[in-house]
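Just dropping this structure here.
Nothing in this text is a laboratory measurement; each read-out follows from the coordinates by a stated rule. Predicted model only: the values in this text are computed from it and were never measured. FYI the Cβ positions are ideal-geometry reconstructions off the backbone, even for glycines, and counts take in every protein chain you see.
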There are 2 protein chains.
Amino acid sequence: MEKLKFINGGVTAPMGFTAQGVCASIKPSNTTKRDLAMIYCEKPCNAAAVFTKNLVKSSTIIVSKKHLENGIAQAVIVNSGNANACNADGIEIAEAMCKLASEALNVNADDVIVASTGVIGQPLPLEPVKKGVEALKGTLSKEGGSNAAEAIMTTDTIKKEWAVETVLGGKKVIIGGIAKGSGMIHINMGTTLSFVTTDAAISSEMLSEALKESVEVSYNMVSVDGDTSTNDTLAIMASGLAGNEMICTKNEDYKTFVEVLTVAFKEVAKKLARDGEGATKLLICKVDGAKDYKSAVTISKSIICSSLVKAAMFGADANCGRILCAVGYSGADVDVNKIDVSYKSAKGEILVCKDGLGLCFDEDKAKKILLENEIEILVSLGDGNGSAEAYGCDLTYDYVKINGDYRT
Amino acid sequence: MEKLKFINGGVTAPMGFTAQGVCASIKPSNTTKRDLAMIYCEKPCNAAAVFTKNLVKSSTIIVSKKHLENGIAQAVIVNSGNANACNADGIEIAEAMCKLASEALNVNADDVIVASTGVIGQPLPLEPVKKGVEALKGTLSKEGGSNAAEAIMTTDTIKKEWAVETVLGGKKVIIGGIAKGSGMIHINMGTTLSFVTTDAAISSEMLSEALKESVEVSYNMVSVDGDTSTNDTLAIMASGLAGNEMICTKNEDYKTFVEVLTVAFKEVAKKLARDGEGATKLLICKVDGAKDYKSAVTISKSIICSSLVKAAMFGADANCGRILCAVGYSGADVDVNKIDVSYKSAKGEILVCKDGLGLCFDEDKAKKILLENEIEILVSLGDGNGSAEAYGCDLTYDYVKINGDYRT
């Protein structure tokens, strides 16, 4: 897509935004890793967010939802190391975090978005947050964006930040973001913690619509372990400083904005899946020829979520039975006698199943293809025009290791 | 329950049945493990079965369904090492297996139930089956039941056979069975390969009803990895040789029969879960106080299927967040402020969450409880009278190892 150029930077790339991350020792045992971040805009922004659909929610989600009711936000405060979920004083603490940010940044407390990620059901102490905000105060900068990206990481092994440049109504516009993922990433509205900023002028209603559209085919198509977090938050803030004509309807500029956001979010989705807990491979499952779009989504998700498919991919085992099986129990209506399955990577492509029947194939070639760290699982159903793409990762010893004793 | 006594034996414990298992080298690389079995009754039996709901099915299921249309069966032929699924000549091979059994046992080929388990999408060669049947011929005996149980094992580490004695209409009646499980065991009608025999006199219609009722709360409540096999078959044959009055309606004897079958099947369910691929622990999730039965089923299954819960149990980590999270995304309607969670084992019981809030608990005590190999996860919802029990296992390094290269 020529409309879009990936550029360096993250959440501070758009005009008006600064950020910073510090080590606040939210977990007393953490004395080195940054775990508290703030993002700030020099002016109040139009804003929108999507949150987890889990009934068990972090208190931060209840508070952030309330603060976003008027569609305005000017800052974000976010910690890792503690999810602030299932705690008696959770709401109180979340509100207190907003107040600390509001005082440090001289913004309205109701214009602060708060988010947390980490262990559930353990009280989040306010003292380290206080000290952290004290340390953050006056240090927010363009360069600090990267530290903010680091501060939201939990079991992530790679810092996730991105920025893209596009043109809206003749004006250069930048969108940037940071994200954390790794485990507990599942296909349900608003996975992971993600904060997105832009200098585009766009109403909060249109931001909300744009989020929904782009999340649908990106974040909502990622699964690492099938579990849906209590804390998933994806918030976007638009400063309007690019000076483009304010997007208030679903006009051409809106469409471009959604298109750019979708391309960027799909890249983030791949980053999240590739960095899934313990993952050694990114799996991209492309389904076409399904009865309809919904069936394609159901089938691609069923494959990407199958523990047996994920374990087979870890072992570079071109087992077509695992794929067929996951298609068969997905719940989607398929003609099982028309299913073709191929594996593809930088090392080539190999057909392992034709018309629902397993083929004799070159095992050496298949092994070579599957030993790569980015694998496409291609499923053709010959049954219609529905297509979809889902993102996941392999299931490894390290996933078990990471989650066998997560709290310590 | 006094109505029932577990006794020694398996599929040959009831009057009229003999069985045997041999090594037929279905996989050429297998030269020692028994992989072909036959079960035989001296007279035609009333019979019924439940099968996988996966759209991608082994050819054996299509053939067995057809053979059971008249509710009569006299023999079973079953192999491990190859699933006979997604093969061009699958139906032909499954019919040929029935014919081989019919000739060896002098029964009608239409009265033979056929089943296979193993790798999907690789042709099942008939030659080893022929040789195997030749070896089986004339060797079926009461003592051979145990060899049949061995012959259906794949990645199972423990042979699964059982028998119970009860009284129906004043007559002693025996029910026996063999089962294989391990991986790919999921909550959908008719999980695993299981063959059940009885000398009770009961119509095939009532057998079918009894299977459905008892499977619902036993086999259908087990999950090892969330994947549903293409080959799941649970067949039951009744010789009627116990001489009780034929059960043709849902009378008291029928109720006793279902009750006994249910107790036995729940024990099998636990055996299947405990021997899940790579498992070191049996997990039993008991949910009560749910809005209704359906909600309780949904929630208990959601917990038992969560990779994060399973990994935490492997690590003996009393993480209540994993449980709350799985309750919250289950899809069932719950009041998140009323959820209590406890862990229980032979070493005691500990409350880790009260009214949806994480508690400070004795970590040493929790660890001691969770280091046992049979763990109960107790969830009280305080919201109604719905209760349910689901069976699963922990997620371990060995699960990944076993499934990383299943085909070799």
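Convert each backbone phi in the stretch A:333-349 into a coupling constant with the Karplus relation 6.51 cos²θ - 1.76 cosθ + 1.60 (shift: θ = phi - 60°), then list the ³J(HN,Hα) values in order as whole Hz, x for Gly and Pro.
Working through the residues one at a time gives 7, 9, 8, 5, 8, 10, 7, 10, 10, 10, 10, 9, 7, 4, 8, x, 9 Hz.
Under 1.5 on a/c is rounded, so check that first for the stretch B:46-126, then, if it is not, pick prolate when a/b is larger than b/c and oblate when it is not; a ≥ b ≥ c are the square roots of the alpha carbon gyration tensor eigenvalues.
It comes out oblate by the Cα gyration axes.
In deg cm²/dmol and to the nearest 500, what is the mean residue ellipticity at 222 nm of the protein assembly as shown if only DSSP H runs of at least 4 residues count, each as -39500 (n - 2.57), divided by the residue total?
Using -39500 (n - 2.57) per qualifying helix, the result is -9500 deg cm²/dmol.
Then there is this: If I take the rotation axis that carries chain A onto chain B, which residue of chain A has the nearest beta-carbon, and at how many angstrom?
That would be A:Y397, 2.
Right, something else. Provide, as a two-decimal number, the C-alpha radius of gyration of the stretch A:283-408 over 2.2 N^0.38 Å, N being how many residues it has. Walk me through the numbers on the way to the answer.
Details: Rg = 14.6 Å, N = 126, 2.2 N^0.38 = 13.8 Å.
Ratio of Cα Rg to 2.2 N^0.38 Å: 1.06.
Now for a separate question. Order these peptides, B:8-18, B:154-164, by their mean beta-carbon neighbour count within 10 angstrom, highest first.
So the order, starting with the most tightly packed, is B:8-18, B:154-164.
Can you list, shortest first in nanometers, how far B:K131 lies from the same residue in the other copies, with each label 7 Å from Cα toward Cβ?
Those separations, rounded to one decimal, come out as 7.3 nm.
Now for a separate question. Could you give the spread of the C-alpha atoms of the stretch B:98-148 along their three principal axes, from largest to smallest, in whole angstroms?
Taking max minus min along each principal axis of the Cα atoms, the stretch B:98-148 gives 34, 25, 18 Å.
If the chain between B:I7 and B:K367 were fully stretched, how many nm would it gain, using 0.36 nm times the residue separation less the Cα-Cα distance?
Computed gain between B:I7 and B:K367 is 126.0 nm.
What is the distance, in nm, between label points placed 7 Å from the Cα along the Cα-to-Cβ direction at B:I72 and at B:K33?
About 3.7 nm, to one decimal.
Over the Cα atoms, compute the radius of gyration (one decimal) and Dmax (the largest Cα-Cα distance, rounded to a whole number) for the protein assembly as shown, in Å.
That works out to 28.9, 91 Å for Rg and Dmax.
Hey, another quick one. For A:M221, A:M246, B:M313, what's the fewest-to-most ordering of other Cβ within 10 Å of each Cβ?
A:M246, A:M221, B:M313
As I understand it, the dipole of chain A uses +1 on the Cβ of Lys and Arg and -1 on the Cβ of Asp and Glu, about the Cα centre. Which of A:T32, A:V352, A:V309 lies farthest toward its positive end?
A:T32
Could you tell me what percent of the DSSP beta bridges with both partners in the stretch A:47-193 are antiparallel, to the nearest 5?
Details: 12 of 18 bridges.
Within the stretch A:47-193, antiparallel bridges account for around 65 percent of the total.
Considering amide H positions built from the backbone, and no H for Pro or chain starts, which residues 5 or more places from A:T139, or on another chain, come under 5 Å of its amide H?
none
What does the charge count near B:D199 come to, summing +1 for each Lys or Arg and -1 for each Asp or Glu among other residues with Cβ under 12 Å from its Cβ?
The answer is +1.
Using a Gaussian network model of chain B whose springs link C-alpha atoms within less than 10 Å, name the residue from B:E42, B:E127, B:E213 with the highest mean-square fluctuation.
For chain B, modelled as a Gaussian network with Cα springs under 10 Å, the answer is B:E127.
With each label point set 7 Å from Cα along the Cα-Cβ vector, what nm distance links A:N108 and B:K130?
Simple spin-label model gives 8.5 nm for this pair.
What average count of beta carbons from other chains do you get within 10 Å of the Cβ of residues in A:82-92?
3
Mind listing the long-range amide H neighbours of B:V173? Cut-off is under 5 Å, sequence gap 5 or more, other chains count too, H placed in the peptide plane at 1.01 Å from N.
Excluding prolines and chain starts, which carry no amide H, the hits are B:T166, B:V167, B:L168.
Could you give the size of the charge dipole of chain A about its Cα centre, using +1 on the Cβ of each K and R and -1 on the Cβ of each D and E, expressed in debye and rounded to the nearest 20?
With Lys and Arg at +1 and Asp and Glu at -1, about 500 debye.
So what J values fall out for the stretch A:350-360 if you push phi through Karplus, 6.51 cos²θ - 1.76 cosθ + 1.60 with θ = phi - 60°, rounded to Hz, Gly and Pro as x?
Residue by residue, the stretch A:350-360 yields 9, 7, 10, 8, 10, 6, x, 10, x, 9, 7 Hz.
What ratio of Cα Rg to 2.2 N^0.38 Å holds for the stretch A:32-75?
1.38
Which whole-Hz couplings ³J(HN,Hα) result when phi for each residue of the stretch B:33-38 is put into the Karplus expression 6.51 cos²θ - 1.76 cosθ + 1.60, θ = phi - 60°, listed in order with x for Gly and Pro?
Rounded to whole hertz, the list is 6, 4, 9, 9, 9, 10.
Within 10 Å of each Cβ in B:327-338, how many Cβ atoms from other chains are there, averaged over the peptide?
Values: counts 3, 11, 13, 4, 2, 1, 1, 2, 1, 7, 2, 0.
Partner-chain Cβ atoms within 10 Å, mean over residues of B:327-338: 4.
Place a point 7 Å from Cα of A:E245 in the direction of its Cβ. Which residues in the stretch A:254-276 have their backbone N less than 13 Å from it?
Answer for this model: A:254.
Find how many whole Å separate the alpha carbon centroid of the stretch B:308-386 from the alpha carbon centroid of the stretch B:112-184.
About 37 Å separates the Cα centre of the stretch B:112-184 from the one of the stretch B:308-386.
Which length gain, in nm to one decimal place, applies between A:Y293 and A:K347 when the Cα-Cα distance is subtracted from 0.36 nm times their residue separation? Intermediate results must be reported in sequence, preceding the final value.
Working: separation 54, 0.36 × 54 = 19.44 nm, distance 2.96 nm.
Length gained between A:Y293 and A:K347: 16.5 nm.
Amide H of B:I113 versus every other amide H placed in the peptide plane: which residues, excluding those fewer than 5 positions away on the same chain, fall under 5 Å?
Those lying under 5 Å, H to H, from B:I113 are B:Q74, B:A75, B:V76, B:I77.
At 7 Å along Cα-to-Cβ for each site, give me the label-to-label distance between A:D398 and B:K255 in nm.
Taking the two extended label points, one gets 5.9 nm.
Okay, moving on. Under a Cβ-Cβ limit of 4.7 Å, which cysteines in chain A have nobody to pair with?
Flagged as lacking a Cys partner: A:C23, A:C41, A:C45, A:C86, A:C98, A:C248, A:C285, A:C305, A:C325, A:C360, A:C393.
Using a ≥ b ≥ c from the Cα gyration tensor of chain A (square roots of the eigenvalues), is it rounded, prolate or oblate, where a/c under 1.5 gives rounded and otherwise the larger of a/b and b/c decides, a/b for prolate?
Verdict is prolate for chain A.
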